[in-house]
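Please treat every number below as a calculation from the coordinates, not as lab data. Quick caveat, the model's predicted, so the values are computed rather than measured. Neighbour counts are summed over all protein chains in view; Cβ atoms, including those assigned to glycine, are modelled from backbone coordinates with ideal geometry.
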Amino acid sequence: MSKFDPYEHLKIIKNEDGTLTRLVELLQIPATGEDDVLPGQIVVSKDVTLDANKNTWMRIFRPVKIPSNDNKIARLPLVVYFHSGGFIAFKVSDVMSHEAMNKLSYEAPAITLSVNFRLAPETRLPGQYDDAMDALNWVKTQAMDPNGEPWIKQYVDFSRVFLYGTSCGGNIVLHTTLRALNYNLSPLTIEGIILSQPLIGGKKRTKSELKLAADPLFPLPVIDLVWELALPKGTDRDHRFCNPLGDQQVVEKMKNLGRCLVIGFGGDPLIDRQQDLVQAMVLQGVAVEARFDDVGFHGIEIIDPKRASAILNFVKEFIV
């Protein structure tokens, strides 16, 4: 029996200089640009530079038809989104990420800002949290600047900002929201955070990790490798970036989080950790809404449109 190779599973090759060669190139969708491009177009999108030195950027999604009250354009919530990919893969222009944000922007409706953060191991944690803070500060700058980005300036209700992340994106949202508590982001108010199947870990195996160790999509050796590539060099899976519940200061700081939605599936090796996270938040007095389903696995929304729809509905209800 051949030995399981997590690099092969992830379709990556580690180079001698520590970088990765990523062998899978997903279909890329360009932004539509400023205008209502095609008849029947329901959402327009455009790309903006976040930090040219870091090569980070974002894609803004805006519904073509914005609701209005008394002939005044209604201001929409802003959803700042962080994609999945184990910190090492994917970008916001990938077809699945682009289409998911298109749907969310139209159906919520909301202005959605999808952040193309730097990937590990070329940039290790906390680089991704830095990029997320850059995104929040960028929004703050647009809000304050008379000549700020019009889609943000004209259409966003800055008192209704939501941070939403899937898998590693959920990890980024949790740590970034805790970090943001140290800063004055006014006029932005983070009204809530959405953690869909958040990627968190720890050295000691949980029951669900052991039971689902050979999960076809996200087996333990793959989870271990992702952390090995993403965590700061010389640290282990009990570092707070991976194991927030292992750090009492992090847990206590959670009491300052606003509303929180956590989504998870029983077939995800990480389900025990996600449920422990919900429990820790509840004990800190956080208003948590937990949507756990016994059936389903990590990343199910990528291949199951019905589940993707269900997740979208949870998110929509939480935002509205």
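A dipole drawn for the chain from +1 and -1 charges on Cβ atoms has a positive end, and of THR141, VAL92, ASN184 the residue lying farthest that way is ASN184. About its Cα centre, the stretch 54-104 has a charge dipole of approximately 160 debye under the convention of +1 per Lys or Arg Cβ and -1 per Asp or Glu Cβ, with nothing else charged. With the simple spin-label model, which puts each label point 7 Å out from Cα in the Cβ direction, the ALA74 to GLU34 separation comes to 2.7 nm. Projecting the Cα positions of ALA290, MET254, ILE12 onto the charge dipole of the chain (unit charges on Cβ atoms of Lys, Arg, Asp and Glu, taken about the Cα centre) puts MET254 furthest along the positive direction.
The simple Förster model, with R0 at 25 Å and r as the Cβ-Cβ distance, assigns THR141 and ASN182 a FRET efficiency of 0.85.
Put in order of Cβ neighbour count within 10 Å, fewest first, the listed residues VAL64, VAL295, VAL43 become VAL295, VAL64, VAL43. What is the calculated FRET efficiency for GLU317 to PHE4, with r their C-beta to C-beta distance and R₀ = 45 Å, to the nearest 0.05? After rounding, the FRET efficiency stands at 0.70. Taken as Cα centroids, the stretch 282-312 and the stretch 138-162 sit 29 Å apart, rounded to the nearest whole angstrom. If R0 equals 41 Å, the separation of the Cβ atoms of THR235 and ILE66 corresponds to a calculated FRET efficiency of about 0.35. When +1 charges are put on Lys and Arg Cβ atoms and -1 charges on Asp and Glu Cβ atoms, the dipole computed for the stretch 110-253 relative to its Cα centre reaches about 360 debye. Stretching LEU210 away from ILE302 to a fully extended chain increases their span by 30.7 nm, per 0.36 nm per residue minus the current alpha-carbon distance.
Percent antiparallel among DSSP beta bridges with both residues in the stretch 6-319, to the nearest 5? Walk me through the numbers before you get to the answer.
On the way: 19 of 46 bridges.
Within the stretch 6-319, antiparallel bridges account for around 40 percent of the total.
To make sure I understand, if each residue's beta carbon is the centre and we count other beta carbons within 10 Å, what order do HIS239, HIS175 fall in, fewest to most? The partial results should precede the final answer.
Details: HIS239 19, HIS175 22.
Starting with the residue having the fewest Cβ neighbours, the order is HIS239, HIS175.
Computed about its Cα centre, the charge dipole of the stretch 6-319 is approximately 460 debye, with only Lys, Arg, Asp and Glu carrying charge at their Cβ. Helix-only estimate, please: 222 nm mean residue ellipticity of the chain, summing -39500 (n - 2.57) across DSSP H runs of length 4 or more and dividing by its residues, to the nearest 500. Helix-only estimate at 222 nm: -10000 deg cm²/dmol.
Counting only other residues whose beta carbon sits under 12 Å from that of THR176, what net charge do I get with K and R as +1, D and E as -1? Around THR176, the charge tally is -2.
At 0.36 nm per residue, minus the direct Cα-Cα distance, what do GLN248 and VAL95 gain on full extension? Give it in nm, one decimal, please. List each step's numbers first, then the result.
On the way: separation 153, 0.36 × 153 = 55.08 nm, distance 3.93 nm.
Between GLN248 and VAL95, full extension yields 51.1 nm more.
Once both labels are positioned 7 Å from their Cα atoms along Cα-to-Cβ, the gap between THR49 and ASP276 label points is 4.4 nm.
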